[in-house]
Amino acid sequence: TRSTRPQRLLKAVQKHATRGDPQSVISAIDHFCRHSEWAMNVGDEKGSILDSVVSELNPEKVLELGTYCGYSTVRIARLLPPGARLITLEFNADYAAIARQVIAWAGLEDKVQLVEGASEDWIPRMKEHFGIETFDFVFLDHWKDRYLPDTKLMEDCGLLRKGTVLLADNVICPGVPDYLEYVRNGLFYKSCYFKSHLEYTKAEDGLEKSVFLG
Ligand SMILES: CCCNc1ncnc2c1ncn2[C@@H]1O[C@H](/C=C/CNC(=O)c2cc(-c3ccc(F)cc3)cc(O)c2O)[C@H](C)[C@H]1O
Ligand SMILES: [Mg+2]
């Protein structure tokens with residue numbers, strides 16, 4: 001049977017990227033998505049904004065919601081200081097399998113823990129299962145109607161501390177109106193919008209950076 005798009009994306013990485021070179025993995029995926037088949041990776045333009053937020057923060061404990069093929073996982077993990085850890089949650093087994101191989105090709109498996117499961121099941125288990133007290137940085141890029149419930153769940157589980165940064169993809173396209181209202185108009189966050197474009201297109205999209213006030 002015909003291969004899937006994530007399988008073809010992985011093949012492009014294995015063909016064009018150098019093992020152990022995260023930048024070449026990122027470039028191979030961006031080239032594939034721009035010239036062969038569009039895929040919903042955060043992409044190079046929003047990815048540069050993601051890079052600057054991560055580099056400025058130098059987080060020790062990172063959570064990513066929605067691994068998909070592992071593109072943003074590689075972008076984030078390549079910038080983490082030694083000893084820092086990224087936990088990424090992906091509940092689709094096929095995507096998780098692809099992402100593991102992309103992360104391994106980049107040589108970042110020591111910094112990344114890919115957990116195959118749903119965010120609502122695993123967020124409450126971060127402390128007892130991973131020994132995580134609080135996260136320094138969270139990247140939200142999973143189903144858009146899950147950003148808000150999962151943010152409230154992270155608050156309720158005490159996983160956010162004064163200064164924790166949430167960075168949300170797709171706040172314009174496809175859009176996350178309930179989440180935006182909560183982080184912009186609620187009392188718990190200081191939020192700002194980074195205007196950009198939908199990956200590999202000219203459509204407007206952007207990232208919302210929200211700092212938890214504790
Ligand atoms: C209920 C379980 C929740 N908990 C969960 N726990 C764990 N993993 C979860 C959970 N919920 C979802 N996932 C995983 O995360 C991934 C899902 C990613 C979703 N991303 C989009 O939908 C999107 C669309 C566009 C777009 C824009 C314009 C267009 F025209 C078309 C598409 C662009 C973008 O940048 C986008 O990120 C992955 C596919 C899915 O298995
Ligand atoms: Mg996205």
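Quick note: the coordinates plus some simple rules give every number you see, no bench work behind them. All figures in this text were calculated on a predicted structure; none of them were measured in a lab. Note that we place each Cβ from the backbone using ideal geometry, even for glycine, and neighbour counts take in every protein chain shown.
The alpha-carbon of K111 sits under 20 angstrom from the alpha-carbons of these lysines, leaving out residues fewer than 8 places away in its chain: K61, K127. As a length-normalised measure over Cα pairs under 8 Å and 6 or more apart, the relative contact order of the chain settles at 20 percent. Restricting attention to the chain, close to 40% of DSSP beta bridges with both partner residues there are antiparallel.
Coupling constants for the range 187-200 follow from the phi torsions by the Karplus curve (6.51 cos²θ - 1.76 cosθ + 1.60, θ = phi - 60°), and in residue order they are 9, 9, 9, 10, 10, 8, 9, 9, 5, 7, 9, 4, 3, 6 Hz; glycine and proline get x.
Just subtract the alpha-carbon distance of A93 and R161 from 0.36 nm times their residue separation and send over the number in nm, one decimal. If you can, show how the numbers build up before the last one.
Numbers: separation 68, 0.36 × 68 = 24.48 nm, distance 3.11 nm.
Gain on extension, A93 to R161, equals 21.4 nm.
Excluding same-chain neighbours fewer than eight residues apart, the aspartates and glutamates reachable from K11 by a Cα-Cα span under 19 Å are D21, D30, E37, D94, E109. The lysine pair count for the range 146-214, using Cα distances under 20 Å and pairs eight or more places apart or on different chains, is 7.
Given R0 = 30 Å, the distance between the Cβ atoms of C173 and E133 translates into a calculated FRET efficiency of 0.30.
Each of S3 and L153 was given a label point 7 Å from its Cα along the Cα-to-Cβ line. The distance between the two points is 3.3 nm. The length gained by stretching the chain between H35 and T18 to full extension, at 0.36 nm per residue less their Cα-Cα distance, is 4.2 nm.
Here the convex hull built on the C-alpha positions of the chain has a volume of 112 cubic angstrom per residue. Computed from Cα positions, the angle between helix 93-105 and the longest principal axis of the chain comes to roughly 70 degrees. Please report the base-10 log of the normalised intensity I(q)/I(0) for the range 149-214, using a Debye sum with one equal scatterer per alpha carbon and no solvent, at each q in 0.12, 0.24, 0.27 (1/Å). Once normalised to I(0) and log-transformed, intensities are -0.31, -1.00, -1.18. For the chain, the longest principal axis of the C-alpha atoms and the axis of helix 5-16 are separated by about 60°.
Ranked by the mean number of other Cβ atoms within 10 Å of their residues, highest first, the peptides 100-107, 142-149, 184-191 fall in the order 100-107, 142-149, 184-191.
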